[in-house]
Structure formats: C-alpha cells, structure tokens
1. Strictly over 30 Å apart at the Cα level, which of K77/K101; K106/K171; K69/K99; K101/K171; K77/K99; K69/K130 would you flag in this model?
2. Calculated from the structure, volume of the Cα convex hull per residue in Å³ equals which of [x] 130; [y] 226; [z] 199?
3. With springs only between Cα atoms under 10 Å, which of T147, T135, T63 fluctuates most in a Gaussian network model of the chain?
4. Most mobile of G166, G28, G66 per a Gaussian network model of the chain (Cα springs, under 10 Å)?
5. In nanometres, what is the gap between the two model label sites at D18 and Q170, each 7 Å from Cα along Cα-to-Cβ?
6. Does anyone have the angle between helix 91-113 and the longest principal axis of the chain? Alpha-carbon axes, 0 to 90°, nearest 10?
7. Determine the calculated [θ] at 222 nm for the chain from helices alone, applying -39500 (n - 2.57) to every DSSP H run no shorter than 4 residues and normalising by the residue count; nearest 500 deg cm²/dmol.
8. In degrees, nearest 10, range 0 to 90: what is the angle between the Cα axis of helix 119-144 and the longest Cα principal axis of the chain?
Amino acid sequence: KPLAGFFTHAHKQATTLDRRKAYYGRVGLIVVMGFVIVLTPWRTSVVTEGVLVLPEQANIRVTTDGFVKQVLFTSGKQVSPGDELLVQENFPLIAESHKLKVEIQKARAMHSTQLADGTHQKTFLSDRIKTLEHTLGYLTLQVEGLTLRAHQSGTVVIENSQDLMGRYLQKGQLLGYV
C-alpha cells in the first residue's frame, strides 16, 4: 500500500502541474494575441480607382461667344447661386440688339400710321413686328449670357483664372467647376 500511495500522490502532482501549465499557456497565448492586435497597424484609409462625374450644374460653361472683359472671382472663392463670375463683351451682338430695337420701333410706327384700307399691309407689318420681337428676345438672352453666373453654391475651381482677361471664349466652352 505505501507504494500505491506514492503513485497516487505523484499522479495528483502531475495533474496539478499540467493544469498550471495549461493555464499559463492559455494566459500567455491571450497576452501574445493582445499584443499582436494592439501593435498591428490598422488601415485608416482605402485607395481605389474610379471616375468622378460631376452634375451638369457644377460645370461653368460659357453661354455666349465673346471676349473676357472682367473676371469677378478667383479660384477657391465661395459662391452662391446667381453670383457673377465673369463678364464678356461682344460688340456685334449688342449692336445687332440695338438695331432690332430700332427696327421694331420703326415697324410699329408704320403699323400705327397705316390707313384702314391697307389691311394687307397692316397684317404684313404685324407679322414682321412679331418676328422682330421674337428675334430680339433671342438676342436679349444672348446679351444677358455675356455675364456668366454660378448655378449652385460651392467653391469655384478654374485653372489659370488670371489668364482669362481678354481671351475669346466660345459658347459651350468649359471653364471650370463649382
């Protein structure tokens, strides 16, 4: 029996040692995993490729042909809808507009002085006045387009905006973005 008690005691010590080893092994593994998690660098950003498409309202496009007379903004400036960005000049367009106004006044004067018996001539003049007014409306829109305005609020981005003075810009030309 004393020999059996020795083996039993030795077995109890071995299992206690195994338990301690297993416990310390688990704790050590958890500590090492914690260090790995804490010391591993995490990504703070992601880089991807793609195409950025801005809405049409963000584009700054020239609405009428003309030479740049004034640049009323600088790149990086905050604008709101309706702010003037650029003023152009187009003397032939303005002259044509004035010429049409004079023609309309002349046609109205002739229309009002026509006698009652000239109804055919009066109808012709009425149609002529309508055509001239329609053309004048179109030209007025073009003259108003000589002042380029922002369509939305934001920051103006135009490359080399200081070089625009005196340049000829064509209708539809893209200048920059808001």
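1. Beyond 30 Å between Cα atoms: K77/K101; K106/K171; K77/K99; K69/K130.
2. [y]
3. T135
4. G28
5. 9.0 nm
6. The angle comes out at about 50 degrees.
7. Rounded to the nearest 500, it is -17500 deg cm²/dmol.
8. Once rounded, the angle reads 40 degrees.
Each value in this text was obtained by applying a stated rule to the coordinates, not by laboratory testing. These numbers were taken from a predicted model, which means no experiment stands behind them. Neighbour counts are summed over all protein chains in view; Cβ atoms, including those assigned to glycine, are modelled from backbone coordinates with ideal geometry.
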